[in-house]
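Have a look at the structure below before the remarks.
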Amino acid sequence: MSNRALRNLFAFGSLGFFVIFVILTIDTMGKLDKRAPEITEEVNLGKKVWHKYDCIGCHTILGNGSYFAPDMTKIAEKKPKEYLKRFLMDPKSVNPKATMPNFGITSEEADHLIAFLEWISKVDTNGWPPKPILAQAVAVAGAELSAGQRLYNQLNCGACHMINGIGGTTGPDLTHVGSRRDRQWILGHFKDPQAYVPNSAMPSYGHLSEKELNDLTDYMVSLK
Amino acid sequence: MTVKYESQKIAQHFFTFAVLLFLVQVVVGIIAALQFIWPEFFILNFNIIRSLHINALVVWLLVGLMGATYYVVPEESETELWSVPLAKFQFWATVVTVTLVVLGYIWMGINPQANSTALFGTGILNEGREYIEAPRWADILIALSAVLFLINNFMTVLKTKKWTGIQGTLLAGLTFLALMYIPGMFYTKSMVKDQFWWWWVVHLWVEGAWEVIAGALLAFMLMKTLNAQRHVVERWMYIEVALVLFTGILGTGHHYYWIGTPEYWLWVGGIFSSLEPIPLLLMVWDAFRTTREYRTVTNKVGLFYAVAHAIFNFVGAGLWGVIHTLPQVNKWTHGTQITTAHGHLAFYGAYVLLVLSMIYVTLPAIRGTREFSGARAYQSFWWMTISMVFIVLTITGAGMVQTYMERLMGLDYVAVKANYNLWFWIFRAIFGIGFLIGVVIFAIDFFRLGKEPLKVPSGEAIRAEG
């Protein structure tokens with residue numbers, strides 16, 4: 001092939017691939033709104049708050065960003081709203097070990113941001129992030145879990161708390177909670193956390209049945 | 001050896017600014033690395049430091065490519081540049097804009113509330129979008145600067161109408177680059193659409209337009225340093241850049257797996273991005289084949305850097321990219337440090353070494369020196385390259401630990417980062433210092449080249465002709 005022919009192949013071939021890309025883009029644009037909930041004004045304002053504080057400068061969202069802080073795609077599913085709001089407005093007040101600085105996010109901005117994070121947690125991302133397969137394997141193997149352990153998994157307590165190195169870091173580590181607190185304290189704390197720890201960000205679990213609360217407390221007491 | 005056309009010397013302005021920003025980029029990179037160990041290490045938070053790190057990189061590479069273009073186009077067109085005052089104006093306008101943007105980031109770092117959205121709807125100091133953080137007013141100024149730059153070069157070509165393959169491809173790549181800035185310049189309410197268009201900018205730059213530019217400049221450098229025949233280097237250049245775009249454009253799909261886009265992108269992105277390393281491998285083969293064929297080397301350092309660029313372009317952009325490009329793998333690695341590792345080696349190999357090799361190929365002529373010692377150039381190369389390889393290995397290790405513990409085992413992000421990956425961060429920072437040493441040696445060499453008497457016997461000096 002002559003250089004001239006190769007040049008034409010480069011120019012027109014690339015143009016051809018670009019046209020295909022544009023067609024796919026148009027098709028995608030038509031499908032995106034059906035794969036996500038409606039964008040309310042609150043969600044849009046929340047997105048602007050996300051940009052204003054350059055959140056992507058530390059976090060990732062939809063897996064893209066800076067890898068310095070946790071991914072925010074599913075955060076609204078993992079953490080209670082009240083916790084998120086308090087954390088956003090003053091991170092260290094709810095988690096003294098938090099790395100995130102206090103940016104002076106207002107109450108209104110925090111509400112908007114949470115609306116945005118709730119929206120993004122409901123976007124159809126083709127199954128990303130995947131559920132941890134090894135943790136699931138353990139859950140299947142643990143068919144003989146106690147009622148309290150099963151509740152701990154169902155209620156997703158591990159989103160904030162850690163036991164034996166597995167779980168979140170935003171709440172206290174529960175590995176040895178049974179040797180720190182007695183049964184009465186733990187049971188009362190489940191019903192009204194703020195009565196025991198004044199500044200606690202943990203939501204109340206008073207809505208559980210008395211049996212469920214007892215099972216969960218049995219499990220906590222067993223962690224020595 | 002001197003330049004053929006006096007106006008080619010304008011390249012030096014751009015190179016100087018690029019080298020200074022390179023130093024800034026690496027210094028803030030080390031601060032960022034230390035913040036992984038001590039998050040409160042510096043008065044500016046990580047987000048600001050990281051914005052500076054990646055923006056300094058993008059800007060100095062673009063400025064370096066502009067300088068290289070101002071050198072190549074008059075040479076290829078066999079005439080003086082259309083307007084030197086315009087080039088100087090465009091240079092200083094770029095410097096002023098970039099400085100204002102940097103000051104804005106620092107001001108935002110000190111006072112986060114200063115990033116008001118009242119005026120543009122997007123932040124006045126920082127748009128809060130990775131890589132394209134620059135606020136809207138700066139976007140417009142940068143686009144204007146790019147238009148002036150393109151006009152100046154196209155007018156130069158039109159003076160003699162010598163459309164060589166190299167400069168045609170180079171200017172096509174640069175025009176594509178400028179056009180692909182536009183999809184990043186409008187606001188969308190949907191974060192999914194936001195990221196969709198954002199990848200048009202980021203991916204079609206680094207895996208599209210920039211690789212086309214790299215192909216053209218590699219051809220130019222092989223011709224200059226080896227006196228290789230034009231029709232041969234241009235033939236391979238066309239094949240390389242064609243394959244870059246045939247695979248790279250639809251390869252954008254590998255960013256559309258998990259961001260809320262339809263499932264067919266898993267197929268499109270998986271297939272085309274897996275082919276992306278092929279043209280990069282072809283460039284390595286091209287560099288070696290040409291070097292073997294023409295044994296008379298007129299600029300050893302320039303050729304050395306150009307070949308190194310081809311190799312690390314393939315390893316960093318090609319291999320380190322392809323390992324996590326299939327959806328089955330990417331599902332687990334997406335959003336982890338594996339991407340950071342790929343980013344570091346790809347940018348170093350594909351573009352840092354490209355601009356540095358263009359500097360070594362053109363600077364002797366710009367400074368009017370016949371011979372120069374390559375000692376510092378090789379020293380800086382090994383400091384930078386060995387350090388970068390280890391930086392990438394530490395981050396790759398961190399990424400593998402993160403993928404396993406966080407994604408497969410379900411451990412908490414913060415626990416993995418703070419406990420299990422701590423030593424990787426420490427080693428990364430140490431190798432960062434090694435990289436900085438290499439950059440300082442390079443900067444000294446850049447400012448002294450051709451301005452000091454040769455200390456080595458002339459037999460060992462590098463003859464720079466061409």
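The values are calculated or read from the model by the stated rules, or taken from the named source; none is laboratory data. The structure presented is a predicted model; accordingly, all values stated were derived computationally and were not measured. Quick reminder, even Gly has a Cβ in these numbers, built from the backbone with ideal geometry, and neighbours come from all protein chains shown.
Quick notes on this one:
- Listed here are the helices (runs of 4 or more DSSP H) enclosed by the range B:286-386 that have at least 1 residues being touching a strand residue (DSSP E or B) at 6+ places or on another chain (Cβ under 8 Å): B:300-312, B:353-367.
- Residue within the range B:58-80 that is at pLDDT 95 or above, farther than 30 Å from B:ILE391 by Cα, not acidic (Asp, Glu) and not in a helix (DSSP H, G or I) present: yes
- Note on the range B:1-46: among residues that are of a type in the set (D, E, K, R) and surrounded by fewer than 19 Cβ atoms within 10 Å (Cβ to Cβ), the one that is modelled with the lowest pLDDT is B:GLU40.
- Residue match in the range B:389-410 (condition: more than 27 Å from the chain's Cα centre (by Cα), within 14 Å of another protein chain (Cβ to nearest Cβ) and outside any helix (DSSP H, G or I)): yes
- From the options A:ILE26, A:ILE39, A:ILE56, A:ILE20, residue that is under 38 Å from the mean Cα position of the chain (by Cα) and either part of a loop (DSSP other than H, G, I, E, B) or on the phi > 0 side of the Ramachandran plot (or both): A:ILE39
- Hey, B:GLY173 within 30 Å of A:ASN8 (Cβ to Cβ) and facing chain A (nearest Cβ under 10 Å) or not: no
- So A:ILE20, is it within 11 Å of chain B (Cβ to nearest Cβ), β-branched (Val, Ile, Thr) and loosely packed, with under 15 Cβ neighbours inside 10 Å: yes
- Residue match in the range A:83-95 (condition: assigned by TED's automatic domain parsing to the domain that holds A:LEU213, at negative phi and assigned to a helix (DSSP H, G or I)): no
- Taking the range A:6-42 as the range and being out of contact with any His (no Cβ under 8 Å at 6 or more places or on another chain) and touching a residue at least 60 places away in the same chain (Cβ under 8 Å) as the test, the residues that pass are A:ARG35, A:ALA36, A:PRO37, A:ILE39, A:THR40.
Yes/no matrix, rows are residues, columns are (1) surrounded by 14 or more Cβ atoms within 10 Å (Cβ to Cβ); (2) assigned to a helix (DSSP H, G or I); (3) within 14 Å of chain B (Cβ to nearest Cβ); (4) at pLDDT 90 or above:
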{"residue": "A:GLY127", "(1), (2), (3), (4)": "no, no, yes, yes"}
{"residue": "A:ALA135", "(1), (2), (3), (4)": "yes, yes, yes, no"}
{"residue": "A:ARG150", "(1), (2), (3), (4)": "yes, yes, no, no"}
{"residue": "A:GLY158", "(1), (2), (3), (4)": "yes, yes, yes, no"}
{"residue": "A:THR170", "(1), (2), (3), (4)": "yes, no, yes, no"}
{"residue": "A:LEU187", "(1), (2), (3), (4)": "yes, yes, no, yes"}
{"residue": "A:ASN199", "(1), (2), (3), (4)": "no, no, no, no"}
{"residue": "A:LEU208", "(1), (2), (3), (4)": "yes, no, no, yes"}
{"residue": "A:TYR219", "(1), (2), (3), (4)": "yes, yes, no, yes"}
